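The values are calculated or read from the model by the stated rules, or taken from the named source; none is laboratory data. Computed from a predicted structure; not experimentally measured. A quick note on method: Cβ atoms are made from the backbone with ideal geometry, for glycine too, and the neighbour counts reach across all protein chains shown. For accessibility, only protein heavy atoms count, side chains too; no ligands or nucleic acids. Shrake-Rupley method; radii C 1.70, N 1.55, O 1.52, S 1.80 Å.
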Amino acid sequence: MTHKVLRLPDVMDRVGLGSSFIYLLIQRDEFPKPMRLGKRAVGWPEAEVNAWLEERLAEREELY
C-alpha cells in the first residue's frame, strides 16, 4: 500500500481553504494535524484529508 503525503499548497487546493484557516482548524482539533517530514517541512496524509472532506460532505447531506 502506498501513502501519499500532501504539502500545504496541495491541501489548500484540495479543501478550498487558506493556510491561516487550516491552521486555526488544527488548533481547534477540527482538521487533521500535519506530520513532520523534516526539520522545516510538514505534510498531511492524503487519506486523512480525504476523510475530513468526506465528513464535511456527510454533514452537508444531513442538512438537506
Taking region 1-17 and keeping only residues that are open to solvent by 80 Å² or more (accessible area, probe 1.4 Å) and part of a helix (DSSP H, G or I), one is left with Pro9, Asp13, Arg14
Going through (1) open to solvent by less than 90 Å² (accessible area, probe 1.4 Å); (2) touching a strand residue (DSSP E or B) at 6+ places or on another chain (Cβ under 8 Å) one by one, Arg36 fails only at (1)
In region 8-55, anything in contact with a Pro (Cβ under 8 Å, 6 or more places away or on another chain) and in contact (Cβ under 8 Å) with a residue 40 or more places away in the chain is listed as Pro45, Val49
Restricted to region 39-62 and to residues being open to solvent by 80 Å² or more (accessible area, probe 1.4 Å) and not in a loop (DSSP other than H, G, I, E, B), the residue nearest to His3 (Cα to Cα) is Glu48
